[in-house]
Amino acid sequence: MNMQNNNQNNEQNNNFFNENPMLAFGIFILVMVILFKSFMGDSDLSGMMGDPRIKKVEQVKYSDIRKMVKEKQVKSVKITSTMLEATDLSGTTKYVAKNIPAYDMEFIPLLEENNITYEGQVGEGPLARYINMLLPIIFIVAIWLFLAKKMSKGMGGILGAGKADKLISSERPDVKFDDVQGVQEAKDEVVEIVDFLKYPERYIELGAKIPKGLLLVGPPGTGKTLLAKAVAGEAEVPFFSVSGSSFMEMFVGVGASRVRDLFEQAKKSAPSIIFIDEIDAIGKSRSSGNQMGGHSEQEQTLNQLLAEMDGFGTNTPVIVLAATNRPETLDAALLRAGRFDRQVLVDKPDFAGRLAILKVHSKSVKLDDSVDMEIVAKQTAGMAGADLANIINEAALLSGRRNKKKIGESELLEAVERAFVGLERKNRKVSDIEKKIVAYHESGHALMAELTKGSTRVTKVSIIPRGLGALGYTLHLPDDEDRFLKRKYELMAEVDVLLGGRAAEEVFLGEISTGAGNDLDRATAILKDMISVYGMSDVAGLMVLSRSQSSFLGGGVVSNDYSEKMAQDIDISIKSTLTERYEYVKKTLKEYAGAIENMSAILLDIEVIEGTKVQEIIKEFEEENNLESRMAHLENKEVLEEGK
Ligand code: ADP
Ligand code: ZN
């Protein structure tokens, strides 16, 4: 996906002349005119008066000279690049013809025939003169064509309008189904396509209707493109791919002609696969709002796509695969029978899937024998295939930097951590005051995570700035395998842990900062979902108040329909729950003040504490103060006990 974005940029850079064809053509004409003028410039009489015997120079027509030659009235003839001169028999009068024809192959033989002497400098005959004049023009036109071709990546080029060959990439992938892991259901759905592409006659004879269009739906990086390539790879057919966003041009009609071109190419090499990535860029619901500019262009492109899909019958072995992570935004017309009437879910992989994907991608690198991939697979819950591929590569880079011969488990785990929290930014300067705030804030999160049943245990606390914006972080990697359900007390535990940061700032520094903004946002969202989506409150009971139409990305359209009164009740309930939990968290932090002080001091000193050290500090504090241990994750990892 990223690669695609880059291409996009390049294309845009080269589009200058495409978008200003008139300007470009103007420059072209101007250059031609200047050249023409400069060549015509030497057509004067200079150098013709050299002969002292000449008394008279007369301007005549070319045909006049020709006639004089025929009648043997001239003694000699001189042919220059721009004119023809004839000297009469007496040698005193010179006839000059300026406008001479380009081709007169009979003229020289005529001179020979009549025994007239003639001369002309090399390459200065009338023919040569024209060639001389044309050569630079030919040269310029050649350069122009070359540039225009280079510039018009795809269509809309000044001279090559209508060709989309650069935007549509065509290949014969060698990807096989074995390279795509963790998406078994999706693979099951597409195997029949492979068979159809391989033996189209069988199906056609039976009169079987093969789907023309298949929509691959799933979050980014889950292998939709890869799967589409694998279909082509298994069937050994050409793969034409294009990104939906590349259809969106400023010029109306460009997108539509690209679509036409795409289908034309694919039909020519049938059986084949067409893959349209990010189809939502073209297929956005026509009723939905549009960004300025592209409206009618998008509509035309979409209409063309619909027409093309309707245009080829079920007998043409061309299958259109399209990918999107926002199926809910697609125009209903696209999903109708005979178009993309089948949707295949390409979801994030589960534990076994992640393990398989990690294994596929480690084939191309050198792994240490001691590496236990299961640990990596366990720690990467929620990641997509692309993230996992990235982790392997990141670990390889790390190992290289460390001058290792093979990739070790520590590099892999470090790569996992990086994927979760972004790159360390050691060189970012953070003031001492800010460091102190962050140290207490993160200690607060860490303590709550360790003491709250239903939260995940801490793996690492750091006050090294990471990624964009994060000044510190408390990392809790999922310690279970996959979690599809969250219990109510676990959601509440999350809220407590999130409030730990702000509470620590208030309790230990007496001041609060903006550092908790994101925490509070998430805590609020959890409470809101508990009420309005999961039926976990007294306010709304089992009534679901808000429906998200997309399960991916959270980007779907959310429709809220409930009374004004209900809205108020929800607000009041969320606020009072937050206040209540905040008080509880502050109380807990105060009780464990010694532990927090200890953690913050270490953080300020060495910036990073491992999870085990956090647990040690808390345990020590409890023992010193004769407290009954409240640590939630000590004995067994699985917390089944129902919490508050
Ligand atoms: P999408 O099209 O869904 O955004 P891609 O197919 O472009 O995702 O995935 C990008 C890369 O991530 C692939 O080329 C592949 O290296 C890796 N990848 C993603 N999903 C998988 C998977 N299910 N199995 C193996 N590799 C995967
Ligand atoms: Zn925080």
What trypsin sites (Lys or Arg not before Pro) in segment 344-423 are in a loop by DSSP, with at most 11 other Cβ atoms within 10 Å of the Cβ? 363, 366, 402, 405
Residue 118 long-range amide H proximity, modeled H, under 5 Å: 77
Cα→Cβ-extended label distance, 7 Å offset, between residue 114 and residue 606, nm: 11.0 nm
I'd like the FRET efficiency for residue 106 and residue 56, computed as 1/(1 + (r/R0)^6) with the beta carbon distance as r and R0 of 25 Å, rounded to 0.05. 0.30
Taking R0 as 22 Å, what FRET efficiency do you get between residue 619 and residue 430 from their Cβ-Cβ distance, rounded to the nearest 0.05? 0.15
Suppose each label sits 7 Å from its Cα in the direction of the beta carbon; what would the residue 512-residue 134 distance come out to in nanometres? 8.5 nm
So what J values fall out for segment 600-617 if you push phi through Karplus, 6.51 cos²θ - 1.76 cosθ + 1.60 with θ = phi - 60°, rounded to Hz, Gly and Pro as x? 4, 4, 5, 4, 5, 7, 10, 6, 9, 10, 6, x, 4, 5, 4, 4, 4, 4
Expected field for residue 280, accessible surface area in Å² at 1.4 Å probe radius, rounded to 10, holds 20 Å²
Report the extension gain between residue 99 and residue 397 in nm, rounded to one decimal, defined as 0.36 nm multiplied by the number of residues separating them, less their alpha carbon distance. 99.9 nm
By how many nm would the segment from residue 205 to residue 491 grow when fully extended, if each residue of separation counts as 0.36 nm and the alpha-carbon distance is taken off? 97.2 nm
For segment 215-229, take each phi angle, set θ = phi - 60°, evaluate the Karplus expression 6.51 cos²θ - 1.76 cosθ + 1.60, and give the result in whole Hz per residue in order, putting x for glycine and proline. 9, 8, 10, x, x, x, x, 8, x, 5, 4, 4, 5, 4, 5
If amide H atoms are modeled at 1.01 Å from N in the peptide plane, then the residues at a separation of 5 or more from residue 343, or on another chain, having amide H under 5 Å from its own are 215
If the chain between residue 188 and residue 534 were fully extended at 0.36 nm per residue, the gain over the current Cα-Cα distance would be 121.3 nm
Rounded to whole Å and sorted largest first, list the principal axis extents of the Cα atoms in segment 351-421. 31, 25, 17
Set 268/359; 378/406; 435/575; 359/453, cut-off 27 Å on Cα-Cα distance; pairs above it are 268/359; 435/575; 359/453
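The values are calculated or read from the model by the stated rules, or taken from the named source; none is laboratory data. Not measured: the values here are computed from a predicted model. Glycine also receives a Cβ, built like all others from the backbone with ideal geometry; neighbour counts cover every protein chain displayed. Heads up: the accessible areas ignore ligands, DNA and RNA and are worked out on the full protein's heavy atoms, side chains in. Shrake-Rupley method; radii C 1.70, N 1.55, O 1.52, S 1.80 Å.
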